[in-house]
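First the structure, in the form of structure tokens, and then the observations on it.
The values are calculated or read from the model by the stated rules, or taken from the named source; none is laboratory data. As the structure is a computational prediction, the values presented were derived from the model and not from experiment. With ideal geometry, Cβ positions are generated from the backbone for all residues, glycine too; neighbour counts draw on all protein chains shown. For the accessible areas, the whole protein counts, side chains as well, though only heavy atoms, and no ligand, DNA or RNA atoms are used. Shrake-Rupley method; radii C 1.70, N 1.55, O 1.52, S 1.80 Å.
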Amino acid sequence: MSASSLGRKFILNLPSPSPQSILFVHDKDAQAELWEGPRSGCAAAARLFAVDEARPVESFQNFLNKTTASARSTLWYHNESPANPELHPTIRASLRDSTTLADPRRALHFMRVIKSPAEIELMRETCYVGAQAINMAMACTKPGISESIVQAVLDYSCRQAGAEHPAFPPVVAGAARATHIHYVANNQLLGDGDLLLVDSGSQRWLYNSDISRTWPVSGQYSKHQRILYELVLAVQKRLIELLSEYRPPLDQLFDSMCRLLGQHLQQEGILPRNIDGNELIGKAYRLCPHHVSHYLGLDVHDTPLVRRSQPVAAGMVVTVEPGIYIRPDDDSVPIEFRGCGVRVEDDVLLTDAGADVLTALCVKEVADVEAIVGKHSL
Ligand SMILES: [Mn+2]
């Protein structure tokens, strides 16, 4: 059953010694269902969604009026940015002097950021679905095909493996287009010597995966592509180790990324050797201007009210996604590296024992990537 077949839904906890949950749904209606498809209706909804009671949505206004009139009450409602603008006036009209408005988002975000065992199972599933889709996209990549074909493979593989839909419009960026971080036109042809950067995810049972890989269209990295790729991969693996061993807040992980990228870029002669400290970190930041991590779950950029300066904890799922983007006209970098964009991103569950890479099925070692690219005929 899709969420949309529920219609408008609200869950209220009444101010009584024993809390009660009531879900307001569209009730069964043969005429409406003829057009829109079957509804759960009140009788099935309570059981299906594990609430105490389900009532027709038409009774919501009356219920709200009575509830707010009868006692001092707190209404947990996101008043500034209403989820349902159609019902907003009804809810506003029910407010009395005795009603306190409270914003539920903060409490919800702090609950959502720590996954329950059931949610961890769902995260494992969606990460599996997203990971195999990227492996398939690698296998179907050949010189001469369009980025849109790779996008179609991602979409098909995700849905075929059980996703409702992609988590977001994927980035399928060949050659220097990969240096535009949110390139989503995905309509250019892939050339023999190009690198291809893909950032894609699946949504399954409302939970999202978010994975990036960068592979050579020909099936073999050139010397300089390989240097950049292995550099980003080494930084990404080190960051996962740091997360596992020291549990730094995500903002601190970002600082570590800039420092590590700076050191590696210097070792490879991509950044000048005569700089250090903040100057080196600043130059690395210029080549990777996005954050290295975000929380993941019901949204791709999940629980934004949980700041990334917070300590991380077991039960969180976060991305680890360093990258390097060298514009074609960046003459501060040796010419061989210009026009390359590389990112490697995995989804990582923090556990009491350390960290569990939920997207480990998605290949990332050079030998594994080169063994898979182009091996499947469309
Ligand atoms: Mn991400």
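Shown for the stretch 48-127: the carbon plus sulfur share of the solvent-accessible area, taken with all protein chains present and a 1.4 angstrom probe, equals 55%.
A straight line joining the Cα centroids of the stretch 312-378 and the stretch 189-207 runs 11 Å. Farthest toward the positive end of the dipole of the chain, out of LEU250, ASN186, ALA32, is the Cα of ALA32, where the dipole comes from beta carbon charges about the Cα centre.
Among all the lysines, which ones have a C-alpha under 30 Å from LYS237's C-alpha, if same-chain residues fewer than 8 places away are not counted? Answer for LYS237, where 30 Å is the Cα cut-off: LYS115, LYS142, LYS223, LYS283, LYS364, LYS375, listed by chain and number. Of the peptides 237-247, 28-38, 295-305, 128-138, the order by per-residue mean of other Cβ atoms within 10 Å, starting with the highest, comes out as 128-138, 295-305, 237-247, 28-38. Between HIS290 and PHE49, the FRET efficiency from the beta-carbon distance, with R0 = 45 Å, is close to 0.75. Highest average first, the peptides 71-82, 161-172 ordered by how many other beta carbon atoms sit within 10 Å of their residues are 161-172, 71-82. When the alpha carbon gyration tensor of the stretch 3-103 is reduced to an equivalent ellipsoid, the three semi-axes, largest first, read 26, 16, 11 Å. Sorted largest first, the spans of the alpha carbon positions of the chain along the three principal axes are 73, 48, 39 Å. In this rough spin-label picture, where each label sits 7 Å from Cα along the Cβ direction, the ASP330-ARG105 distance is 3.3 nm. Extension gain for ASN278 to VAL366 (0.36 nm times residue separation, less C-alpha to C-alpha distance): 28.5 nm.
Mean residue ellipticity at 222 nm, helices only, the chain: -11500 deg cm²/dmol; runs of at least 4 DSSP H residues each add -39,500 (n - 2.57), and the sum is divided by the number of residues. Listed by chain and number, the lysines whose C-alpha is less than 23 Å from the C-alpha of LYS66, apart from same-chain residues fewer than 8 away, are LYS9.
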